[in-house]
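Working notes, structure below.
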Amino acid sequence: MIAQDLRSGVEQLGDMIAAASTIVPFTGAGISTESGIPDFRSPGGLWTRNRPIPFDEFVASPDARTEAWRRRFAMEPTFAAAKPGRGHRALASLYRAGKIPAIVTQNIDNLHQLSGFAGEHVVELHGNTTYARCIGCGRPYDLAWVKRSFETIGGAPDCTVCEEPVKTATISFGQAMPEDAMRRATELAQRCDLFLAIGSSLVVWPAAGFPLMAKNCGAKLVIINNEPTDQDEIADLVIRHDIGETLGPFVGN
């Protein structure tokens with residue numbers, strides 16, 4: 001069911017939130033555009049300007065690793081300045097109220113943690129860009145160390161322990177999905193009674209399977225996204241309006 005207008009959509013969403021005992025939000029890039037972080041696929045998005053660097057290319061090519069880190073450093077002012085928007089804060093309010101046990105996100109920006117979610121209750125399907133990790137031994141590195149090393153050697157640094165490449169702690173195309181995050185997301189989708197898909201185009205699999213999984217397990221499904229998605233027809237409520245305006249009334253509830 002597609003909401004006729006923003007007001008009726010917010011009212012219906014409020015009723016569904018009030019009736020639910022366990023809510024699981026699933027968030028994509030659309031929730032963070034209000035915070036100044038551009039999305040990937042829309043006109044003017046990051047991938048219209050820069051071709052994504054697949055994982056196998058990152059591993060095989062020093063030039064690809066250097067370019068990947070150059071892009072990341074170019075984005076640092078944007079990530080550093082970003083603050084949680086109304087959507088993030090509304091979900092954090094429901095989390096503090098005990099309605100949300102954990103959140104599943106495709107985002108890599110750390111804004112759910114900054115909004116008030118405990119780190120262990122943020123299930124990051126695509127990793128986190130605010131720190132780095134060795135792709136060999138898994139040792140974490142802070143970005144300041146990577147940048148110093150990058151500037152010193154004029155290229156991407158390797159791990160000081162095992163000498164394998166150091167990469168942002170994100171999941172690239174062709175890289176295996178994190179097993180623990182996928183397992184936790186599956187459990188959350190199967191056990192909730194209201195699943196909120198927010199700001200996701202629902203085209204990246206296997207992540208896009210979680211709304212369908214929740215619906216098949218008996219949950220009500222709400223999709224909040226400016227653009228239509230392939231799963232709108234199975235949703236109990238579709239709100240095609242600005243995410244901040246849609247969730248803003250729930251900030252502080």
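The values are calculated or read from the model by the stated rules, or taken from the named source; none is laboratory data. Predicted model only: the values in this text are computed from it and were never measured. So basically every Cβ, Gly included, is an ideal-geometry build from the backbone, and we count neighbours across all protein chains shown. Side chains included, ligands, DNA and RNA excluded: accessible areas come from the protein's heavy atoms. Shrake-Rupley method; radii C 1.70, N 1.55, O 1.52, S 1.80 Å.
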SASA check, VAL104, accessible area w/ 1.4 Å probe, all protein chains in place, rounded to nearest 10 Å², comes out at 0
For LEU194, the residues 5 or more places away or on another chain with a placed amide H closer than 5 Å to its own amide H are THR22, VAL24, LYS220
Asserting the computed 222 nm helical MRE of the chain (DSSP H runs at least 4 long, -39500 (n - 2.57) per run, divided by residue count, to nearest 500) equals -11000 deg cm²/dmol
Over the range 52-200, with neighbouring protein chains present, the accessible area per residue in Å² at probe 1.4 Å is 45
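Let me spell out the model: positive unit charges on the Cβ of Lys and Arg, negative unit charges on the Cβ of Asp and Glu, origin at the Cα centre of the range 24-147. What dipole size does that give, in debye rounded to 20? List each step's numbers first, then the result.
Numbers: 15 positive and 11 negative charges, 52 e Å.
So the magnitude is around 260 debye.
Considering only the other residues whose Cβ falls under 15 Å of the Cβ of TYR131, what net charge follows from Lys and Arg at +1 and Asp and Glu at -1? Walk me through the numbers on the way to the answer.
Details: positive: ARG72, ARG133, ARG139, LYS147, ARG148, LYS167; negative: GLU76, ASP109, GLU124, ASP142.
Once all neighbours under 15 Å are counted, the net charge is +2.
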About its Cα centre, the range 124-175 carries a charge dipole, from +1 on Lys and Arg Cβ atoms and -1 on Asp and Glu Cβ atoms, whose size in debye to the nearest 20 is 80
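How much net charge surrounds ALA19 when only the other residues with a Cβ under 14 Å from the Cβ of ALA19 are counted, with Lys and Arg +1 and Asp and Glu -1? Don't skip to the end; give the middle numbers.
On the way: positive: LYS99, LYS220; negative: GLU11, ASP15, ASP193, ASP236.
Around ALA19, the surrounding residues sum to -2.
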To the nearest 10 degrees, the tilt of helix 179-191 (Cα long axis) against the first principal axis of the alpha carbons of the chain is 0
Check: C-alpha center the range 1-42 vs C-alpha center the range 156-201, spacing in Å is 22
In degrees rounded to 10, the 0-90 angle between helix 143-153 Cα long axis and the longest Cα principal axis of the chain is 30
In order over the range 128-137: 3J(HN,Hα) from phi, Karplus 6.51/-1.76/1.60, θ = phi - 60°, whole Hz, x for each Gly or Pro, gives 8, 8, 8, 8, 10, 8, 5, 7, x, 8
Looking only at aspartates and glutamates whose Cα falls under 20 Å of LYS167's and that sit 8 or more positions away or on another chain, we get ASP56, GLU57, ASP63, GLU67, GLU76, ASP109, GLU124, ASP142, GLU151, ASP158, GLU179, ASP180
Long-range amide H partners of TYR131, meaning residues 5 or more apart or on another chain whose placed amide H is closer than 5 Å, are ALA169
Relative to the chain, whose Cα atoms define the longest principal axis, helix 62-81 and its Cα axis are tilted in degrees, nearest 10, by 50
For the chain, the dipole about the Cα centre with charges only on Cβ (Lys and Arg +1, Asp and Glu -1), to the nearest 20 debye, works out at 440
Rounded to two decimals, the Debye log10 I(q)/I(0) of the chain (Cα scatterers, no solvent) at q = 0.08, 0.09, 0.11 Å⁻¹ is -0.32, -0.40, -0.60
Under 5 Å from the placed amide H of ALA82, counting only residues 5+ away or on other chains, we find none
Largest fluctuation, ALA118, ALA64, ALA176 only, Gaussian network model of the chain with Cα springs under 10 angstrom, belongs to ALA176
In whole percent, the fraction of accessible protein surface over the chain that belongs to carbon or sulfur atoms, probe radius 1.4 Å, stands at 52
